[in-house]
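Okay, structure first, notes after.
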Amino acid sequence: MSKNIITVVGARPQLIKASAVSRSLEAKESLQEYLVHTGQHFDDNMSGVFFRELGLSAPDAFLGIHGGGHGDMTGRMLIELEALLLKKNPDLVLVYGDTNSTLAGALAAAKLGIPVGHVEAGLRSFNRQMPEELNRVITDHVSDFLFAPTTIAVENLSREGVSGKGVSLVGDVMYDVALAMAAKAEGKKTEVLAELGVERDSFILATVHRAGTTDNPDSLLAVMDALEQVASDIPIILPLHPRTRARLTSLGRMIIERKGLRVIDPVGYLEMVVLERAAAVVVTDSGGVQKEAFFHGTPCVTLRNETEWVELVDLGWNRLVSPVSVDKIREAILGSIGVHGREGRPYGDGAAAEEIAKILDRVMSS
């Protein structure tokens with residue numbers, strides 16, 4: 001008799017991770033997956049295109065929950081997810097990363113006595129002012145199966161008293177996807193770069209969407225000012241997140257394509273990989289984009305005071321800069337051009353998803 005897993009996703013990075021794990025789960029005859037999309041990222045550019053490009057089947061349930069504050073969004077998700085879990089009565093709930101969808105899925109399951117699996121467990125920025133940090137810490141402490149991407153993540157869990165058979169070092173599932181999709185992205189390179197009018201290593205790719213940046217007017221405006229200044233020296237491609245666009249509009253900041261600054265709508269996964277692979281430098285406040293830049297051999301500047309991916313800083317691929325000083329941001333970006341880090345493989349061998357599926361198959365069949 002097969003065991004039933006409900007997977008909860010809601011944001012673009014979770015779709016990337018789930019695309020690898022869901023394929024591996026599908027290959028296990030004893031496991032049956034039911035995919036729930038909360039709707040946290042809800043428009044086609046932020047979600048739908050990812051399903052198509054990554055080969056994910058349409059979600060079995062779409063909750064359509066987005067917008068509002070953290071408490072409002074998480075609360076609505078809890079209500080809907082609890083009702084769905086009571087109806088479906090799964091053997092396990094699988095969650096990814098550190099979003100409100102992650103927390104809601106984990107809490108709803110744990111309160112109903114349903115085992116929880118957390119993919120990307122053990123990451124810590126050690127900044128409790130970040131909503132994502134609270135989400136990941138709480139999720140780890142209510143989870144039964146913790147799939148850690150790195151040895152440092154395992155060590156973080158151990159320091160918090162989370163250890164034993166439930167913790168598994170599996171590697172990073174985003175690395176699995178990066179390896180699998182690299183060839184497809186290379187096939188789109190000429191088309192994507194020609195459409196944007198840039199060449200390899202001749203532009204900066206920037207993304208800005210974290211609440212810690214967008215909800216702080218000083219930080220958001222400093223980042224935008226710095227990008228505009230850098231764009232006078234080297235072109236910048238900025239796929240603008242809906243949240244960032246809305247915040248800039250509310251602050252009265254006109255979003256005008258000045259010389260060298262190209263503002264575009266959010267792009268699909270393959271196009272994003274093309275841009276990450278071709279950029280001279282990636283500038284971001286995203287956790288996932290930091291890693292993807294490393295996977296594709298591109299230097300990265302992270303617009304934060306800390307990162308959960310400390311391996312990238314240690315290897316010299318990632319440079320942290322506080323998003324408050326226009327001069328320091330500009331200097332960090334321009335100073336990263338042509339600066340590559342040391343070789344290293346902190347995220348496994350590209351078989352993390354298969355390892356997760358093997359573990360779940362074994363423990364749920366015993």
query = Yes or no: residue 274 aliphatic (A, V, I, L, M), out of contact with any His (no Cβ under 7 Å at 6 or more places or on another chain) and farther than 15 Å from residue 182 by Cβ?
reply = no
ask   = Could you say whether any residue in the range 298-309 is more than 23 Å from the chain's Cα centre (by Cα), outside any loop (DSSP other than H, G, I, E, B) and polar (S, T, N, Q)?
value = no
key: Qualifying helices (runs of 4 or more DSSP H) (wholly inside the range 154-237; at least 2 residues being farther than 30 Å from residue 124 by Cα)   = 173-196, 217-230
query = If you check 135, 127, which single one turns out to be of a type in the set (S, T, N, Q), assigned to a helix (DSSP H, G or I) and out of contact with any strand residue (DSSP E or B) (no Cβ under 7 Å at 6 or more places or on another chain)?
reply = 135
task = Mind listing whichever residues of the range 119-142 are under 20 Å from residue 80 (Cα atoms) and of a type outside the set (Val, Ile, Thr)?
result = 135
task = Looking for whichever is without any contact (Cβ under 8 Å) to a residue 24 or more places away in the chain, of a type in the set (Gly, Ala, Ser) and either touching a helix residue (DSSP H, G or I) at 6+ places or on another chain (Cβ under 7 Å) or more than 26 Å from residue 184 (Cβ to Cβ) (or both) here; the options are 325, 336, 366. Which one fits?
result = 366
task = Pick out the one residue from 230, 167 that is aliphatic (A, V, I, L, M), in contact with a strand residue (DSSP E or B) (Cβ under 9 Å, 6 or more places away or on another chain), under 30 Å from residue 106 (Cα atoms) and surrounded by 19 or more Cβ atoms within 10 Å (Cβ to Cβ).
result = 167
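Read-outs throughout are calculated quantities, based only on the coordinates presented, and are distinct from any laboratory measurement. Please read these numbers as outputs of a predicted model, since none were measured by experiment. We place every Cβ from the backbone using ideal geometry, glycine too, and count neighbours over all the protein chains shown.
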